[in-house]
Each structure stands twice: as structure tokens, then as C-alpha cells.
């Protein structure tokens with residue numbers, strides 16, 4: 001008993017001070033890969049090595065709406081597994097940044113797309129194609145009013161039920177880490193609970209396998225309203241490396257509606273915290289602006 | 001003449017009439033092709049090979065080779081540990097009959113492999129009619145691993161219910177658990193039958209996380225498949241990717257630079273460390289010892305952060321590559337300093353943690369004699385890895401089939417024979433200490449060499465095993481290339497696939513509240529098992 005007491009006292013506080021300060025990932029960390037679209041010539045080098053086809057080049061053959069003399073190059077951070085192969089294949093145009101806060105309520109905003117025109121001298125950058133405005137989603141329609149309500153309902157205390165819908169268990173390792181003393185998610189009043197009936201939020205990982213599809217639907221139905229669903233990791237966002245097959249549905253939103261997407265393979269614990277706090281509108285607004293600058297820093301590096 | 005040649009000659013003399021013997025591309029593989037007319041003698045031959053060479057069962061690989069030779073082929077892989085040799089018995093199956101004799105009657109360890117073969121290939125060996133790898137809503141006569149089944153086929157659901165083994169009697173009732181569990185763990189269904197508190201039967205239904213990994217890899221380039229291999233089981237990301245790389249390297253005869261071998265060995269041990277520390281914490285948590293658990297989780301977190309400093313990924317992803325490794329881990333002073341400082345800190349704390357645990361009676365009381373698996377049963381079921389070594393089986397691929405830099409290192413393999421939760425806990429504790437020593441031995445080895453060799457084209461229609469002793473146990477991959485050097489067939493064997501059956505035995509006569517800690521002491525992968 002005395003030994004235990006001594007150990008507890010001598011350890012002191014080990015919990016980090018997220019979100020007031022966010023520790024910078026070490027050098028060599030592979031965060032958001034940023035494409036310098038203006039420099040890029042849509043040569044397909046990066047798309048050819050991308051294991052999940054997160055980067056792809058589309059022509060009129062793939063999509064009839066693209067004019068014959070044009071090409072589209074797109075990168076989806078939802079599908080990205082942050083392997084670093086694109087930056088290794090094309091160091092001139094692609095830079096690995098340390099940005100890892102990528103969570104978003106809008107799946108379309110995770111994809112960047114640029115238009116290129118084929119010319120005799122090579123393909124030339126025309127412009128960025130903005131993601132189409134989202135109108136169908138309730139969150140978007142009700143906008144701020146709903147966000148306020150979510151904050152009011154879930155802002156102080158949130159109960160999460162984690163559902164593994166066929167992940168490789170990589171995401172589970174990081175989600176489990178949220179309960180350790182370093183990330184200590186309970187300091188935000190957020191608890192993991194044993195039953196969906198006690199939960200406000202489902203944290204879903206994996207591409208949703210055929211054999212988990214019904215279980216996920218039933219878990220969703222067993223969760224009382226109002227509820228939030230967060231898709232964690234590349235598999236949960238769009239099937240990831242497993243895609244869509246006889247055994248995999250290819251993403252959580254093919255089965256239940258999703259409120260927030262957290263990219264990563266797997267997302268770091270701090271990225272998970274960021275995504276969860278974002279979903280309940282508790283992520284400090286002033287921190288958001290710092291991320292903007294770090295994004296800019298990332299893209300400036302490429303110029 | 002070395003012992004391997006002697007074995008090859010002994011097999012020629014003893015079985016030459018019934019099979020043709022051919023050396024594989026990799027030096028330590030011996031392919032034995034059984035002649036069709038002797039098919040009915042398969043169990044006897046397996047049993048004899050098993051006994052004569054004191055072999056252990058490694059894996060069973062069904063393969064649809066109709067596009068090559070019009071037949072199905074089944075490969076039975078046996079390991080002769082003291083000679084570093086694999087015997088691969090190949091049996092050709094008539095595609096119209098799709099029936100072969102079962103070897104499960106003589107080698108119990110093959111049971112699940114034969115049942116999976118029936119569900120995925122329609123090749124019947126094991127008489128058990130219950131589906132194993134497919135769920136009841138999967139239609140009969142649809143076999144996803146056949147070459148004429150396209151991987152994005154939408155297969156309709158049919159009506160069907162799970163068929164569990166029921167026990168009846170006064171006061172006997174069933175407890176269904178899962179697939180969505182109370183903790184943050186993977187999905188699977190457990191059906192306990194209890195009489196009062198003690199568990200009298202446990203049925204386990206897996207394959208909830210089946211993602212068709214082996215199927216979607218068909219036709220993929222090996223370089224791309226490395227990233228898929230990293231995602232077979234997240235906790236063994238590096239070990240699985242490396243086992244796959246080994247298979248490709250062995251079938252194409254690629255030499256790996258020494259520096260890459262050193263880095264690979266370091267990474268395997270780092271993976272072992274973070275998982276063992278996490279398991280130690282989780283086992284302590286399951287017996288309610290929060291101080292010890294949080295301490296271990298803190299050490300695990302330190303290891304994950306170290307992984308990120310060294311490789312850019314907390315789970316060591318993006319490191320394995322065919323022919324070497326993608327990135328160095330000792331190229332900067334900061335990395336080297338972080339590695340040795342963190343290991344030193346964690347090591348010191350770990351000694352104190354183990355000291356605290358071993359002097360806490362409430363923990364030991366829960367660990368001792370709980371979830372006991374007798375050595376006799378463990379060896380019958382062909383268990384592997386830490387769980388096997390806790391039940392008296394002295395089996396470790398790092399020593400028996402040396403790979404990476406292990407042949408050059410002094411390695412002690414801890415073995416306990418009690419087979420209880422405490423034994424599995426102690427194996428982890430001793431392996432953690434051993435890992436610290438191994439990483440220490442790798443200090444400053446071959447630092448100025450290449451980390452990856454240049455790869456020519458991968459040769460077509462070749463096959464080889466690739467194996468690694470991961471933290472959980474032996475990971476064995478088998479890969480065969482198609483005409484273009486891409487994947488024709490990739491068989492993944494995770495240690496969990498061997499060990500899940502043993503869990504059913506280990507829990508018998510234990511009380512339900514002890515199930516979590518017993519389960520955690522095995523810590524088997526669902527995703528690795530289901531693929």
C-alpha cells in the first residue's frame with residue numbers, strides 16, 4: 001500500500017496540456033501531404049504510387065464532364081494513409097507537412113481538385129475546382145443554430161461508444177491511448193461507455209465489413225437521439241486501403257449518417273481529441289486560426 | 001552433406017515412390033508433390049513426417065490453380081525447427097471432386113485451416129459441417145477465393161442463424177457477448193455456457209472483421225501490397241509487412257543489406273516492447289490494479305512516441321520495403337539519443353513496476369492458476385508464440401528459423417510451463433527485458449551502409465514462405481506470383497489463427513468475471529485472424 005502511494009505521489013502530473021498547447025510532431029513525421037498545384041503538371045507520378053488512390057488523375061475517359069483537352073488532379077485526405085510515397089516520388093511538387101488536425105464535418109472539404117489543360121509543352125495548371133456546396137446535410141442547413149444546440153446538449157459531458165466495424169486494430173490502439181494518463185480524455189468530461197444505450201456519440205473505425213454492417217446499424221439504432229457519429233481513420237471515411245469489395249462496404253457513411261470525419265491511418269491521439277471536440281463544438285476557436293497558419297506555412301514551403 | 005540434404009534423401013528413400021521431392025526457390029524449403037494415386041494415404045504420410053522429424057504444423061494453403069494447371073492445389077507446411085527446414089507437402093485436387101482426406105484426425109492443429117478451406121474454396125477435408133470463416137447469411141456454394149469470383153461481387157444475404165454448441169441441464173444458461181463489446185476492442189461473438197459461476201463451454205464466432213485481404217491482393221503489385229500487409233493487424237503492422245517482404249525477397253532471391261537487417265530487427269523488438277507493455281497494463285487493469293495499469297500505459301505511450309521519432313509513425317508504418325527499409329532510424333544524433341535515453345528510462349521504470357506488481361498479493365491472487373492451459377493441450381492444438389511458451393512449448397522462430405539479424409545475436413527464449421495468466425504475464429515481462437538487451441546488442445552496427453537494395457523485376461510463377469516471429473507469435477506468409485510478377489496467391493497466417501481455439505479450453509471451469517483477464521493474457525488479434 002505504501003509502495004503504491006509512494007509511486008502515485010512521485011510520478012506527479014504527466015497529462016499534456018491539450019488543447020492549450022499542442023506538441024509539435026517530431027521531424028520525419030508524415031502529416032498532411034501538400035501539393036503545389038501551380039507547379040504540378042498532373043504527370044501522374046504521385047497517383048501511380050499512391051496505395052489507396054487518394055491521389056488520382058481523371059480525364060474525360062473517367063468522367064465525361066471533363067473536356068477532352070483537360071485533366072483533373074485530386075487529392076483526398078480522407079483516403080490518405082500518410083505513407084509518404086507521393087512526396088518521395090515527386091519531391092518537387094509535394095511536401096510532407098506536420099499538419100495532422102484534419103478532422104472535418106464536411107467530407108467534400110477533405111478533397112482538393114485542380115484543373116489542368118493539355119498543351120504541346122505539357123499540362124498547364126488552370127484553377128482549383130472548389131468542392132461543391134453541401135445542401136443535403138442537416139448540420140449545414142441549420143448551421144450555427146444546430147451547433148449551439150449540440151454544444152448545449154453535449155458540451156459539458158459526452159459519452160462515447162466505440163464501435164470497431166472491421167478495422168485492423170490500429171485505430172483502437174490510438175483510441176485506447178485517449179484513456180491513458182497522457183491524453184486523459186476524461187478531463188474534458190468525455191467518457192467511454194460499455195453500451196450504445198448509454199452513449200451520445202459513436203466512434204466508428206474500419207471500412208464496415210459485410211459481417212459488421214448489421215451490427216453497426218443495430219448499434220446506431222440502439223443509441224438514443226440526439227446522437228453523433230464520428231468516422232475514425234481512412235477505412236471508416238472511404239474504405240481506405242480495403243476499398244469496397246464483397247467483404248467491405250467501403251466506409252461508415254454508406255451504412256449510417258456521419259457527422260465528423262477524422263483522417264489518419266491511424267489518427268494520432270491528439271487528432272482524435274481534436275475531432276471529438278470539433279464534433280461537440282468545443283474546440284477553441286483561437287486554436288483553429290493557428291492551424292490555418294500552419295497550413296499556410298506548409299503550402300509556402302512548397303512554393 | 002548437411003542435415004537438410006540428409007533429410008531430403010531420407011524422404012526420397014522412404015516416400016520416393018509416393019511423391020516427388022523438389023527444392024524450393026528459398027534454400028530452406030522442400031516441396032514434396034504427392035502423386036494422385038496415393039491421395040488416400042495423406043493423413044498417414046503427414047503423421048509419419050510429423051513424428052519422424054519432430055515437426056510442427058505451420059500453415060495450410062489452398063490454392064485455385066485452375067488457370068495454370070486445371071487443378072486445385074493444397075500445400076501443407078511443416079517446420080523442422082532444429083534443422084531450419086520447412087517441408088511443404090503439395091496435394092493436387094480434382095476440381096470436379098473437391099474432396100481430400102482430412103489430416104485433422106492426426107494433426108489437430110489443422111482443424112480450423114481445413115474448415116476455412118471448405119468455406120473459401122469449397123474443398124472439403126474436415127467433416128465438420130458448421131461454417132467457420134463465413135457467416136450464416138452467406139449463401140452456400142459461393143466461394144470467394146475462387147479465381148472466377150470477382151472481388152467486388154455483391155453477394156446477397158440469405159436467411160440463416162448461428163449454430164452454437166448448446167449444453168442443457170438444470171441451472172445451465174447461456175451468456176451471449178459481442179460482436180460490439182463493452183471495451184474498446186475488436187468485434188467477435190462469445191457464447192458462454194455457465195452452470196452457476198463456472199464456464200462449462202465457450203463457443204467463439206469470429207470473422208466479423210473479414211475484409212477479403214487475401215482476395216483483394218490478387219493481381220496487386222508486391223510493392224503496393226506491402227502497405228496492405230501493414231494493415232492486416234495494426235498491432236503487428238511492421239511484423240506482418242516484414243513477413244510479406246521476406247516472402248517476396250525469398251522468391252526473387254533478393255539480398256537485403258546488413259544495415260537494413262539491423263533496422264528491421266530493431267523495429268521488430270520495438271513493436272514487441274510497445275505491445276508487451278500495453279498488454280501488461282491491460283492485464284493489470286482487468287484485475288483492478290489501476291496504479292500499475294496506468295504506469296504500464298505511460299511506458300507504452302513513451303514507446304509509441306519513440307516510434308514516431310524514429311520512423312514518423314507511432315505504429316512503425318511506412319518502414320518495411322521489399323529489399324530493405326524505407327527510412328533509416330539512426331541517421332541523426334537526435335534519433336540515436338532518443339532511442340537510448342527512452343529505452344534506459346523505460347527499462348528503469350519497468351523494473352520498479354514489476355517489483356510493485358510482484359509484491360501485490362491482490363494481483364498475484366487473480367493471476368495464479370487462472371485460465372490454465374496444460375502443455376499437453378497446447379501442443380496438441382499447435383499453439384504458437386507467447387501463449388505457447390507460457391504452456392511449455394519451446395518454439396520461437398527467431399531461434400528456430402533465424403531471420404533478420406537474430407542469427408548474430410545472443411537470444412534467450414523464456415519458457416514457462418504453468419500455462420496460467422501469471423505464466424503469460426511473466427513471459428511478457430521476461431521478453432521485455434530480453435528486447436532491451438537485443439536492442440543494446442544492435443547498437444552501432446553497420447551504420448554506414450545502404451538501407452535498401454535495388455530491385456529487378458519480381459520473377460513470375462514463383463512461390464516462397466516469408467516468416468517473422470512477431471510479438472504475438474509466428475507470422476507466416478506464403479506468396480505465389482502470376483505471369484507478370486504480381487500476386488497470384490497470398491496466404492496470411494497470423495498467430496491468432498492457431499491460438500483462438502486454445503482460448504476455448506483455457507477458460508473452462510473459470511468464472512465469467514475472470515474471462516477478460518484470460519482473454520487479455522492471450523491478446524489475440526481478430527483482424528489478423530479474420531483478414
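For region A:43-50, the condition holds for at least one residue, the condition being that it is over 21 Å from the mean Cα position of the chain (by Cα) and touching a residue at least 60 places away in the same chain (Cβ under 8 Å). Considered as a group, the residues in region B:19-47 that are surrounded by fewer than 16 Cβ atoms within 10 Å (Cβ to Cβ) and assigned to a loop (DSSP other than H, G, I, E, B) include one that is modelled with the highest pLDDT, and that residue is B:35. Touching a strand residue (DSSP E or B) at 6+ places or on another chain (Cβ under 9 Å), within 13 Å of chain A (Cβ to nearest Cβ) and within 22 Å of residue B:471 (Cα to Cα): is that true of residue B:317 in this structure? Here the answer is no, as residue B:317 does not meet what is asked.
The single condition among (1) within 24 Å of residue B:203 (Cα to Cα); (2) surrounded by fewer than 19 Cβ atoms within 10 Å (Cβ to Cβ); (3) free of Cβ contacts under 8 Å to residues at least 40 places away in the same chain that residue B:118 does not satisfy is (2). A residue that is modelled with pLDDT under 90, assigned to a loop (DSSP other than H, G, I, E, B), surrounded by fewer than 21 Cβ atoms within 10 Å (Cβ to Cβ) and out of contact with any strand residue (DSSP E or B) (no Cβ under 6 Å at 6 or more places or on another chain) occurs nowhere in region B:459-476.
The residue that is surrounded by the most Cβ atoms within 10 Å (Cβ to Cβ), counting only those in region B:160-189 that are within 14 Å of chain A (Cβ to nearest Cβ) and assigned to a strand (DSSP E or B), is B:189. Please go through region A:75-90 and pick out each residue that is within 14 Å of another protein chain (Cβ to nearest Cβ) and touching a strand residue (DSSP E or B) at 6+ places or on another chain (Cβ under 8 Å). Those that are within 14 Å of another protein chain (Cβ to nearest Cβ) and touching a strand residue (DSSP E or B) at 6+ places or on another chain (Cβ under 8 Å): A:80, A:82, A:84, A:86, A:87. Picking from residues in region B:224-267 that are assigned to a loop (DSSP other than H, G, I, E, B) and crowded, with 24+ Cβ neighbours inside 10 Å, the one that is farthest from the other protein chains (Cβ to nearest Cβ) is B:230. Restricting region B:66-91 to residues that are without any contact (Cβ under 8 Å) to a residue 40 or more places away in the chain and part of a strand (DSSP E or B) leaves a set whose member that is farthest from the chain's Cα centre (by Cα) is B:71. Within region B:91-102, none of the residues are under 29 Å from residue B:503 (Cβ atoms), in contact with a helix residue (DSSP H, G or I) (Cβ under 8 Å, 6 or more places away or on another chain) and at pLDDT below 90. The residues of region A:240-267 that are crowded, with 24+ Cβ neighbours inside 10 Å and either within 11 Å of chain B (Cβ to nearest Cβ) or without any contact (Cβ under 8 Å) to a residue 12 or more places away in the chain (or both), listed by number, are A:240, A:241, A:242, A:247, A:248, A:264, A:265, A:266, A:267. Restricting attention to region A:1-42, the residues that are within 19 Å of the chain's Cα centre (by Cα), surrounded by 13 or more Cβ atoms within 10 Å (Cβ to Cβ) and more than 10 Å from chain B (Cβ to nearest Cβ) total 7.
Scan region A:151-170 for residues that are in a helix (DSSP H, G or I) and either free of Cβ contacts under 8 Å to residues at least 60 places away in the same chain or facing chain B (nearest Cβ under 7 Å) (or both) and jot them down.
Scanning region A:151-170 gives A:152, A:170.
Residues of region A:202-223 that are in contact with a helix residue (DSSP H, G or I) (Cβ under 7 Å, 6 or more places away or on another chain) and either more than 8 Å from chain B (Cβ to nearest Cβ) or part of a helix (DSSP H, G or I) (or both): A:202, A:203, A:204, A:205, A:208, A:219, A:222, A:223. The sole residue among A:219, A:223, A:205 that is touching a residue at least 40 places away in the same chain (Cβ under 8 Å) and surrounded by 24 or more Cβ atoms within 10 Å (Cβ to Cβ) is A:205.
Considering only residues that are away from chain B (no Cβ under 14 Å) and outside any loop (DSSP other than H, G, I, E, B), look in region A:47-74 and name the one that is nearest to residue A:250 (Cα to Cα).
My answer is A:56.
On the stretch given as region B:162-183, residues that are over 28 Å from the mean Cα position of the chain (by Cα) and under 19 Å from residue A:209 (Cβ atoms) total 0.
So which of B:337, B:345, B:301, B:349 is within 8 Å of chain A (Cβ to nearest Cβ), free of Cβ contacts under 8 Å to residues at least 60 places away in the same chain and more than 23 Å from residue B:411 (Cβ to Cβ)? From the options B:337, B:345, B:301, B:349, the qualifying one is B:301. Can you find a residue in region A:188-201 that is buried (at least 19 other Cβ atoms within 10 Å of the Cβ), over 21 Å from residue A:151 (Cα atoms) and more than 7 Å from every other protein chain (Cβ to nearest Cβ)? No, the conditions are met nowhere in region A:188-201. In this structure, does residue B:509 turn out to be closer than 19 Å to residue B:423 by Cα and out of contact with any helix residue (DSSP H, G or I) (no Cβ under 6 Å at 6 or more places or on another chain)? Yes: the conditions hold for residue B:509. Under the condition of being over 22 Å from residue B:282 (Cβ atoms) and not in a loop (DSSP other than H, G, I, E, B), the residues counted in region B:379-398 number 4.
The values are calculated or read from the model by the stated rules, or taken from the named source; none is laboratory data. Everything numeric in this text was worked out from a predicted model, so none of it was measured. Using ideal geometry, Cβ is built from the backbone for each residue, glycine included, and neighbour counts are taken over all protein chains shown.
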